[in-house]
Amino acid sequence: MQFIDLAAQQERIKGKLDARIQGVLSHGKYIMGPEVKEFEAGMREFCGARHALGCANGTDALLLALMALGVRSGEAIFCPSFTFAATAEVVPCMGAIPVFIDCDPITFNMDVESLKRGIAHAKKQGLKPSVVIPVDLFGLPADYNAIEAVAKEEGLKIVADSAQGFGGTYHGRTTGSIGDIATTSFFPAKPLGCYGDGGALFTGDDELASLMDSYRVHGKGTHKYDNERIGQNSRLDTLQAAILLEKLAIYADEIEKRQVVADRYAEGLSDVIDTPTVPENCTSVWAQYTLKTRDGQNREAIMASLKEAGVPSVVYYPLPLHQQTAYRNFLNDPEGLPVSEDMAQRVFSLPMHPYLTEDDQGRVIEALRSAV
């Protein structure tokens with residue numbers, strides 16, 4: 001059984017993928033070719049953002065967002081601790097200071113009360129609160145209404161890190177269209193993934209879009225050899241855009257299929273272990289299906305039992321960022337991050353992809369119930 005089955009997806013669209021790749025080989029425009037613009041237009045239509053720009057990867061997308069927002073030394077950037085390192089690692093690159101925020105024990109996303117405490121703490125340390133980077137963890141949009149209220153009060157910009165959540169919905173809005181800037185990743189294991197690295201940025205602001213377009217191509221201006229600003233090389237490859245075009249064409253259907261798997265897991269498991277909760281007026285794209293052990297349950301023993309039954313499982317994430325070597329000396333919520341630390345000891349994820357058969361879903365449910 002595959003944890004994520006990319007081969008099954010490839011089999012579904014192989015003919016169209018082959019044609020797209022051959023099309024790129026035929027025209028030979030491997031850098032910023034026509035498929036890049038076509039894919040950017042498709043993303044805009046899918047999520048409702050005014051601008052969509054491809055880039056080299058999801059980490060670059062976050063960095064480009066901070067560059068466009070003019071983040072500087074002495075500014076505080078608020079990040080969840082319970083997430084992948086990319087969210088925070090771009091902050092010191094800009095000379096700014098990451099401030100780690102706790103997560104909600106039900107959704108695993110940024111806790112707004114912890115955010116408020118983190119902002120107050122940063123001010124006491126003489127830092128200027130600048131940007132908050134909520135993460136749509138495991139495919140579920142963050143609590144944007146609450147975060148936007150705090151951001152408005154404190155004068156913060158919002159960079160919505162939707163590396164795992166592109167295509168999820170929050171109170172009628174689709175991720176990608178939320179925040180001053182939104183970012184995503186097309187890493188192969190993501191719900192919408194390519195066959196290498198890739199990423200994208202979204203915004204409704206014309207000026208920010210123009211800046212990010214410049215920064216992703218060496219700070220380009222109107223003349224190829226007169227760069228107007230210091231940028232970087234972060235372009236989405238034409239071949240990857242061609243692949244993503246065919247994946248985007250079936251993405252809505254795949255999200256629906258992921259929901260079917262999630263519903264069946266919940267029906268079969270919620271009485272024996274804590275299954276994910278999706279708040280009202282929200283949908284998840286189920287990048288991961290993440291369970292939480294209850295008091296008295298042994299995660300390692302459960303995962304070992306699953307492995308013996310031929311069912312893969314993975315822990316996302318075993319160590320929150322504020323406890324990792326590279327990040328432990330930065331600022332945190334002054335009341336600590338107990339939920340992030342607790343979740344790191346409890347969570348684990350089951351196989352989740354649109355091509356998981358009913359038989360395999362049944363095997364996962366049976367194996368987990370037996371393990372528990």
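Read the figures in this text as sums done on the coordinates, not as results from a lab. Here the structure is a predicted model, which means the values were calculated and not measured. Cβ coordinates were reconstructed from backbone atoms using ideal geometry, including for glycine residues, and neighbour counts include every protein chain displayed.
Which of the aspartates and glutamates could a cross-linker span from LYS257 if the Cα-Cα distance has to be under 12 Å and same-chain partners fewer than 8 positions apart are dropped?
Straight-distance partners of LYS257: GLU358.
For a 23 Å ceiling on Cα separation, which of these pairs sit above it: LYS37/LYS190; LYS123/LYS157; LYS16/LYS37; LYS152/LYS220?
Result: LYS152/LYS220 exceed 23 Å.
Could you identify which residue out of LEU25, LEU350, LEU248 has the top mean-square fluctuation in a GNM of the chain using Cα springs shorter than 10 Å?
Comparing LEU25, LEU350, LEU248 in the GNM, the peak value goes to LEU25.
Quickly rank 256-267, 337-348, 152-163, 74-85 as a protection proxy: mean count of other C-beta atoms within 10 Å, highest first.
Highest to lowest by the protection proxy: 74-85, 152-163, 337-348, 256-267.
Measuring from centroid to centroid over Cα atoms, what is the spacing of the stretch 175-227 and the stretch 80-112 in Å?
20 Å
Relative contact order, percent, of the stretch 1-138 when contacts are C-alpha pairs under 8 Å separated by at least 6 residues?
19 percent
Just report the Cα centroid separation between the stretch 251-329 and the stretch 1-77, whole Å.
26 Å
About the Cα centre of the chain, how large is the charge dipole given +1 on each Lys and Arg Cβ and -1 on each Asp and Glu Cβ? Please answer in debye to the nearest 20.
Dipole magnitude for the chain comes out near 840 debye.
Mean-square fluctuation check for the chain, GNM, Cα pairs under 10 Å: which of GLY126, GLY219, GLY268 is largest?
So, out of GLY126, GLY219, GLY268, the one fluctuating most is GLY126.
By how many nm would the segment from GLU358 to VAL315 grow when fully extended, if each residue of separation counts as 0.36 nm and the alpha-carbon distance is taken off?
Length gained between GLU358 and VAL315: 13.1 nm.
How far apart, in nm, are the 7 Å Cα→Cβ label points at GLN323 and GLU207?
4.3 nm
If I compute semi-axes √(5λ) of the Cα gyration tensor in Å from the structure I just sent, which labelled value in (1) 32, 29, 16; (2) 28, 28, 18; (3) 33, 22, 20 lines up?
It is the one labelled (1).
Given bins 5 angstrom wide, list per bin the percent of all Cα-Cα distances in the stretch 251-371, short to long.
2, 10, 19, 21, 17, 14, 9, 6, 2, 0
Evaluate the relative contact order of the chain (contact order divided by residue number), counting alpha-carbon pairs under 8 angstrom at least 6 apart; express in whole percent.
This gives 23 percent for the chain.
Mind checking which aspartates and glutamates have their C-alpha under 20 Å from LYS247, skipping anything on the same chain fewer than 8 residues away?
Within reach: ASP5, GLU11, ASP18, GLU35, GLU38, GLU40, GLU45, ASP197, ASP237, GLU256.
Among DSSP beta bridges lying fully in the chain, give the percent that are antiparallel, nearest 5.
60 percent
Taking the Cα centre as origin and putting +1 on Lys and Arg beta-carbons and -1 on Asp and Glu beta-carbons, what dipole magnitude results for the stretch 251-371, to the nearest 20 debye?
The calculated dipole for the stretch 251-371 is roughly 360 debye.
By what distance, in whole Å, do the Cα atoms of the stretch 1-135 stretch along each of the three principal axes, largest value first?
Largest first, the stretch 1-135 extends 59, 38, 25 Å along its Cα principal axes.
Compute the length gained on full extension between ASP342 and ASP271: take 0.36 nm times their separation in residues and subtract their Cα-Cα distance, giving the result in nm to one decimal.
Full-extension gain reported as 23.4 nm.
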